[in-house]
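Below is one structure, written out as structure tokens; the observations come after it.
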Number of protein chains: 2
Amino acid sequence: MNTQAAVLDALASPRRREILRLVWREEQTAGAIHQAMPDVTFGAVSLQLRRLEEAGLVESRGEKQFRYYRARREALGPVGEMLERMWDDALWRLKLAAELEQTRRGPKPAPRQSKKNKQ
Amino acid sequence: MNTQAAVLDALASPRRREILRLVWREEQTAGAIHQAMPDVTFGAVSLQLRRLEEAGLVESRGEKQFRYYRARREALGPVGEMLERMWDDALWRLKLAAELEQTRRGPKPAPRQSKKNKQ
DNA sequence: CTTGTATTTTAGTTTAATCTAAATTAATTT
DNA sequence: AAATTAATTTAGATTAAACTAAAATACAAG
């Protein structure tokens, strides 16, 4: 079960990282997760949850009509600590908001780097 | 300079991970890197090198008409160790080959998971 | 069995990433 | 200067990822 590549793929998107953060310390229902991300549909959240679960980054249990998701922190090892540092950083939160904003509105304004003086 | 997210973004693609592997232990010219990936054009490799460099995952120096790239292993921290484990694993190499094959040929055959018996 | 609530899945669209081919820049050699 | 070699950049095409809206599934309660 080659999992590492799947893990990296799963961590690639800001959306999935945000979901992971929401279920990092305590389980949440799919609905609660969606409520925390009002800019996407429930369906979109559900698809990302499935990707995270297939990558082994979250697990879930069903109870009544609800499904509770929680992070499988042990699957990330030291990378998990990196994520925690990222989330603890207040500046990071602002950056994330900007990132999601961009994700919503289309491609970046392409801040191209100057081509000269690169030795 | 919030770098972590850029790092995760940069590690998202198998192609960039393969490039990173090639320059992990010793520097390589852009041309040598391209030769190791005969299924893409030099231009494509150059673009990915730029992305890796902008994310701080590789650095480069120009000498004569060549440009030498090498990994900035210190920028990756724990993720670097994860990558090394991945690359040391023989099975992983087969998997990577298959992954690149897929990348080349189009989307996956979509092996859907059965929907029942999920408690 | 019908209604309500929670969630997932499907089909199709939109958005973003990656690639190619060709043009361009840059240094080297003749 | 012209030709050669190495690498980058651009514009446009292709491929893949993410999203939406609607339909489907699942369970609970009346």
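The values are calculated or read from the model by the stated rules, or taken from the named source; none is laboratory data. Given the structure is predicted, the values throughout are model-derived calculations rather than measurements. Here Cβ is always computed from backbone atoms with ideal geometry, including for glycine, and neighbour counts include all displayed protein chains.
Which count do you get for residues in segment B:18-34 that are more than 10 Å from DNA strand C (Cβ to nearest atom) and either under 23 Å from B:Asp89 (Cα atoms) or within 12 Å of another protein chain (Cβ to nearest Cβ) (or both)?
10
Suppose we filter B:Ala55, B:Ala75 for residues that are modelled with pLDDT of 90 or more and under 13 Å from the mean Cα position of the chain (by Cα); which single one remains?
B:Ala55
Consider A:Leu83 carefully, then state whether it is more than 9 Å from DNA strand D (Cβ to nearest atom) and within 11 Å of the chain's Cα centre (by Cα).
The answer is yes for A:Leu83.
Residue pairs, Cβ under 6 Å, 6 or more apart or interchain, first in segment A:1-28 and in contact (Cβ under 8 Å) with a residue 60 or more places away in the chain, second more than 11 Å from DNA strand C (Cβ to nearest atom). List them.
Listed by first residue and then by second, the contacts come to A:Thr3/A:Gly56; A:Val7/A:Ala55; A:Leu11/B:Leu8; A:Leu20/A:Ala71; A:Arg21/A:Trp87; A:Trp24/A:Ala71.
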